[in-house]
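Asks: Take this structure first; my questions come after.
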């Protein structure tokens, strides 16, 4: 019993230590890509142009052109969506028979016994709206060059605040023509963009339901 308590206490100290708590798990999809060093010997395929070193025209200036280069993505995301619908339906029906006034059934069947009518109505309305906005900047690296000249970029930014951690992650494909003179690209020009803004800590936990409440929310039929 004493040995188990000692192990539990040691594990708690290890988890609470700054070295263990300060280590963040890096997401592989947004890991930075570093420029690889040039090999010691390369085949000479020209007196000036060396394809093995990568190529960037003189007109590109300081713009990113090779794997490992740095590009700043300007986040200018703003979306708005709304939807509404309405439906109305109505139907009326009635039937009535006039009993005979003469003969053996004249006094047996009354008009109030055979008259019938029905009414059916339906009315439904629905509306939904959503808006999102994200502004800022995040610097990423070029991860891959494609034969048509486009580039795969990815990166993340981690901010440690006094009440938790904030993460901004982005990955996508850009064109060299969309890179400005100061080496920036608008997020609206990133193809197949995956932008994630998330956080963890006591503020993020306070804005979420507890696990027991989420469990009963899934079971509730209302």
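Asks: Just to be sure I understand the model, the point goes 7 Å from the Cα along the line to the Cβ. What's the resulting residue 70 to residue 182 distance in nm?
Replies: Output for this residue pair reads 1.5 nm.
Asks: Given the range 136-222, what whole percent of its Cα pairs are spread farther than 15 Å?
Replies: When all Cα pairs of the range 136-222 are counted, 68 percent exceed 15 Å.
Asks: Stretch residue 144-residue 192 to full length: gain in nm at 0.36 nm per residue minus the Cα-Cα span?
Replies: 15.8 nm is the gain from fully extending residue 144 to residue 192.
Asks: Taking 8 Å as the Cα distance limit and 6 or more residues as the minimum spacing, I'd like the relative contact order of the range 114-222 as a percentage.
Replies: After rounding, I find 18 percent.
Just so you know, all these numbers are worked out from the coordinates, no wet-lab data involved. All values derive from a computational prediction rather than experimental measurement. Positions of Cβ are generated from backbone atoms using ideal geometry, with glycine treated the same way; all protein chains shown enter the neighbour counts.
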